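The next block holds one structure in the form of structure tokens; read it before the comments.
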Amino acid sequence: IRNARHIKDIRPLDDNCSCNTCKNYSRAYLNHLFKTNEILGLMLLTDHNINFYQEMMKQIRLAIERNKFNEFEEKFLTKRLNGDLKPL
């Protein structure tokens, strides 16, 4: 988020994320917060990352309940390797 490519980027951190940060703040704004050393930037990224891990754990629990953890793991790792899935 500190990279110059985000200075004018009005997209959320993750288009598929439903956290408060992604729904309400752009990459450009987060870039600004980090460039000016505002604590809000850290707070918003923490919110996003906690949401990411909570959602991931919810999906893991559901996959285990349905006895489909191996399928979940394969899809998750494929997305991760392709760069489609990442916390910030």
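Within the chain, the GluC sites (Glu not before Pro) that combine a DSSP coil assignment with at most 16 other C-beta atoms in a 10 angstrom radius are Glu38. Taking 4.7 Å between beta carbons as the limit, the unpaired Cys residues of the chain are Cys19. Principal semi-axes of the equivalent ellipsoid, √(5λ) from the alpha carbon gyration tensor of segment 26-88, are 31, 13, 6 Å from largest down.
Mean separation of Cα pairs under 8 Å and 6 or more residues apart, divided by the residue count, gives the chain a relative contact order of 22 percent. For the chain, the number of Lys pairs separated by eight or more positions or lying on different chains, with C-alpha atoms closer than 25 Å, is 15. For the chain, modelled as a GNM whose springs connect Cα atoms under 10 angstrom apart, the maximal fluctuation among Arg66, Arg11, Arg27 occurs at Arg66.
All of the numbers you see were taken from the coordinates with simple rules; none came from a lab. A quick note: this is a predicted structure, and the numbers were derived from the prediction, not measured. FYI the Cβ positions are ideal-geometry reconstructions off the backbone, even for glycines, and counts take in every protein chain you see.
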